[in-house]
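Here is the structure we will look at.
The values are calculated or read from the model by the stated rules, or taken from the named source; none is laboratory data. These figures come from a predicted structure and were not determined experimentally. Using ideal geometry, Cβ is built from the backbone for each residue, glycine included, and neighbour counts are taken over all protein chains shown. When the accessible area is computed, the model is the full protein with side chains, heavy atoms only, and any ligands, DNA or RNA have been set aside. Shrake-Rupley method; radii C 1.70, N 1.55, O 1.52, S 1.80 Å.
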Amino acid sequence: DAKTTQPPSMDCAEGRAANLPCNHSTISGNEYVYWYRQIHSQGPQYIIHGLKNNETNEMASLIITEDRKSSTLILPHATLRDTAVYYCIVRETNFGNEKLTFGTGTRLTIIP
Amino acid sequence: EAGVTQSPTHLIKTRGQQATLRCSPISGHTSVYWYQQALGLGLQFLLWYDEGEERNRGNFPPRFSGRQFPNYSSELNVNALELEDSALYLCASSLFFGADGRAYEQYFGPGTRLTVT
């Protein structure tokens, strides 16, 4: 079962920052937060992951609260191509926990 | 660098037949994973292969099986197809666990859409 809670849908204006929240109140010390997105009927795309420090890459930034019970994915300048379902996944990264458990995600719609 | 590739893109079968889906991982990746995404449902983990061995499987019946070849490509076989097997089947690949036991992120292919009539 998914260990995360995400809003089912969000809208964001094109060019603005999209902030997608995720609650993972039962996260344990060795569990990472991963974000993937899935554009309609395509394979999920890896975005970013982190343990407890904020992370940034060319696609997005990940902000994890100090108590690690929630996080926010930030797309700094949203474009129409960012319209997708975004999945927040809590995952142990030790041997035997290699599968990804997807929840229902957040459907992000970028408005022109 | 080429990503994960899957074939065929679409596959139509009738109930009771067998389906074979294929996946080629990213070069250098030894682990291959299979997921099922039925309409309106989330992605469900099916199988994990590494170095030719099945390492783990999800909660699916034995008629879902597969194998991994020496070149790390993989095949998913679904026997005795049922209507509810209609879904998007996704393959992902990753590096195997590092020396510290940490898992690596999985990269997905475009999927094979299987329709059972």
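Given R0 = 22 Å, the distance between the Cβ atoms of residue B:20 and residue B:53 translates into a calculated FRET efficiency of 0.65. Here the dipole of the protein assembly as shown is about 440 debye; that uses its Cα centre as origin and unit charges on the Cβ of Lys and Arg (positive) and Asp and Glu (negative).
Remark: the protein assembly as shown carries 49 Å² of accessible area per residue (probe radius 1.4 Å; ligands, DNA and RNA excluded). The mean number of Cβ atoms from other chains found within 10 Å of a Cβ in peptide A:42-52 is 4, as a whole number.
Specify which residue in the list B:86, B:48, B:25 is farthest towards the positive end of the charge dipole of chain B, using unit charges on the beta carbon of Lys, Arg (+1) and Asp, Glu (-1), about the Cα centre. After comparing all options, I get B:86. The convex hull built on the alpha-carbon positions of the protein assembly as shown has an orientation-averaged projected area of 12.7 nm². Computed over chain A, relative contact order equals 38 percent, with contacts defined as Cα pairs under 8 Å that lie 6+ residues apart. Among the GluC sites (Glu not before Pro) found in the range A:5-112, those both in a DSSP coil and sparsely packed, with 15 or fewer other Cβ atoms within 10 Å of their Cβ, are A:14, A:58, A:66. Other protein chain C-beta atoms within 10 Å of residue C-beta, averaged over B:45-54: 1.
Annotation: chain A has a Kirkwood hydrodynamic radius of 14.1 angstrom, from the mean reciprocal C-alpha pair distance.
By accessible area, using a 1.4 Å probe on protein heavy atoms only, the range B:50-112 has 50% of its surface on carbon and sulfur. Size descriptors for chain B: radius of gyration and Dmax over Cα atoms are 13.8, 47 Å. Computed with a 1.4 angstrom probe on protein heavy atoms, the B-A interface buries about 1700 square angstrom of accessible area in total. Note on the range B:20-84: Rg/Rh from C-alpha atoms, Kirkwood Rh, equals 0.97.
Solvent-accessible area assigned to carbon and sulfur over chain A amounts to 48 percent, based on a 1.4 Å probe. The ellipsoid equivalent to the alpha-carbon distribution of the range A:15-81 has semi-axes of 22, 14, 10 angstrom, derived from the gyration tensor eigenvalues as √(5λ) and listed largest first. Taking the charge dipole of chain A about its Cα centre, with +1 at Lys and Arg Cβ atoms and -1 at Asp and Glu Cβ atoms, the residue from A:60, A:5, A:70 reaching farthest to the positive side is A:5.
Can you tell me, using C-alpha contacts under 8 Å and at least 6 residues apart, the relative contact order of the range B:1-109 as a whole percent? It comes to 32 percent, rounded to a whole number.
Remark: chain A carries a charge dipole of roughly 120 debye about the Cα centre, counting +1 on each Lys and Arg Cβ and -1 on each Asp and Glu Cβ. In plain terms, the C-alpha convex hull of the range B:1-55 casts an average shadow of 5.2 nm² when viewed from every direction. Taking a Cβ cut-off of under 10 Å around residue B:31, the surrounding Lys, Arg, Asp and Glu residues balance to a net charge of -2, with basic ones at +1 and acidic ones at -1.
Over the range B:41-82, what is the relative contact order in percent, taking alpha-carbon pairs closer than 8 angstrom and at least six residues apart? In percent, rounded to a whole number, it is 30.
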